[in-house]
Amino acid sequence: MITIKINQLLLPLLFALLLAIVSNLRIGKGLNNVFYTVLSPITSPVSKLRLFTENKYSWLKNISGMEKQAREQKVQIAKLLSENEYLKQAIVDNKVTNNLKNSFKTIVPARISGSTGKFIVSSSTSLDQVRPGQPLVSGNVLVGTVLEVNGSAVTITPLDSEKSPSFPIRTASGHKGFYKFTDNRSQITDVPSQYPLVLGDFIFSEPGELFPGNLIIGKTTRITTISQEPLQKADIVLYDTLSNNPENLAIVTQL
């Protein structure tokens, strides 16, 4: 039984070898044709199978090469897109720096990059000098303060937030008080009654350890105390807010 199987495997190989030898011996065109005719039922399917296999292998190889090339192109395109975005951000940040260079000693240009219950800003420049409490401005308008720095992101507390810190402010008339955001309202508070508040008066920041002076905050819209009270307060309409997506944003890092 084993001998029969071996013979079945070897017989086609022997015929193919015999055909190759005869063709190389050049013993006559007629005899060659006889061999080709006799052996064609064996050699023809083998040749077709080999050709089909070679074509399939070449096709698969080409497909694999095309997929590899497509992946490399996607990586290159992603790199170029990322570099282009960074360059655009750097150009905008440089413009902000030039616009505010005469107003503040050192700033970090910023842009809003997220708002999910809290505002996040980022910058194409270093955040090494950024720390909590520093003001975020839009030009010369105060819009918030730094809450924390986490890697390349800075969390901002907007002025119209219950978490906004209280800080010294003054009116254009020179009356001093404090900024507070309570009951969903921005207010100037603790202004001595001998200095009556005026409706429509502009409100500015007072200079402090982290705050520069003369940042615009807003203006008074409604006085909420009576003249007999020792300390006055009034509602303020903010000049601008982060929810308005203002331009020329920057963190003031040095006064």
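The values are calculated or read from the model by the stated rules, or taken from the named source; none is laboratory data. A quick note: this is a predicted structure, and the numbers were derived from the prediction, not measured. No Cβ is skipped: glycine too gets one built from the backbone with ideal geometry, and neighbour counts run over all protein chains shown. What goes into the accessible areas is simple: the full protein's heavy atoms, side chains included, and nothing from ligands, DNA or RNA. Shrake-Rupley method; radii C 1.70, N 1.55, O 1.52, S 1.80 Å.
Going by the structure shown, is Val108 open to solvent by less than 90 Å² (accessible area, probe 1.4 Å), within 24 Å of Gly208 (Cα to Cα), at pLDDT 90 or above and of a type outside the set (Gly, Ala, Ser)? Here the answer is yes, as Val108 does meet what is asked. Exactly one residue out of Gly114, Gly144 is surrounded by fewer than 14 Cβ atoms within 10 Å (Cβ to Cβ), not polar (S, T, N, Q) and not in a loop (DSSP other than H, G, I, E, B), and it is Gly114.
Considering every residue within segment 237-255, establish whether at least one is open to solvent by less than 60 Å² (accessible area, probe 1.4 Å), modelled with pLDDT of 95 or more and farther than 23 Å from Val121 by Cβ. Within segment 237-255, none of the residues are open to solvent by less than 60 Å² (accessible area, probe 1.4 Å), modelled with pLDDT of 95 or more and farther than 23 Å from Val121 by Cβ. When Thr253 is tested against the conditions (1) farther than 27 Å from Thr106 by Cα; (2) in contact with a strand residue (DSSP E or B) (Cβ under 9 Å, 6 or more places away or on another chain), the lone failure is (1). The single condition among (1) surrounded by 13 or more Cβ atoms within 10 Å (Cβ to Cβ); (2) farther than 14 Å from Asn248 by Cα; (3) under 17 Å from the mean Cα position of the chain (by Cα); (4) among the β-branched types (Val, Ile, Thr) that Ile77 does not satisfy is (1). Among the residues that make up segment 159-177, is at least one of them surrounded by 18 or more Cβ atoms within 10 Å (Cβ to Cβ) and over 30 Å from Ile226 (Cβ atoms)? Scanning segment 159-177, I find no residue that is surrounded by 18 or more Cβ atoms within 10 Å (Cβ to Cβ) and over 30 Å from Ile226 (Cβ atoms), so the answer is no. Would you mind stating whether Pro132 is at pLDDT 95 or above, touching a strand residue (DSSP E or B) at 6+ places or on another chain (Cβ under 8 Å), assigned to a loop (DSSP other than H, G, I, E, B) and not assigned by the TED database to the domain that holds Asp93? Yes.
In this structure, Glu209 does not satisfy being more than 14 Å from Pro168 (Cα to Cα), open to solvent by 40 Å² or more (accessible area, probe 1.4 Å) and among the acidic types (Asp, Glu).
Taking the criterion of being touching a residue at least 40 places away in the same chain (Cβ under 8 Å) and open to solvent by 80 Å² or more (accessible area, probe 1.4 Å), the only residue of segment 222-232 that qualifies is Leu231. Using the structure shown, decide if Arg131 is out of contact with any helix residue (DSSP H, G or I) (no Cβ under 9 Å at 6 or more places or on another chain), within 28 Å of Val237 (Cα to Cα) and open to solvent by 90 Å² or more (accessible area, probe 1.4 Å). It is true that Arg131 is out of contact with any helix residue (DSSP H, G or I) (no Cβ under 9 Å at 6 or more places or on another chain), within 28 Å of Val237 (Cα to Cα) and open to solvent by 90 Å² or more (accessible area, probe 1.4 Å).
Of the residues making up segment 147-158, not a single one is in a strand (DSSP E or B) and closer than 25 Å to Leu231 by Cα. Of the residues making up segment 161-171, one or more are within 18 Å of Val252 (Cβ to Cβ), touching a strand residue (DSSP E or B) at 6+ places or on another chain (Cβ under 7 Å), in a loop (DSSP other than H, G, I, E, B) and in the same structural domain as Thr220 (by the TED database).
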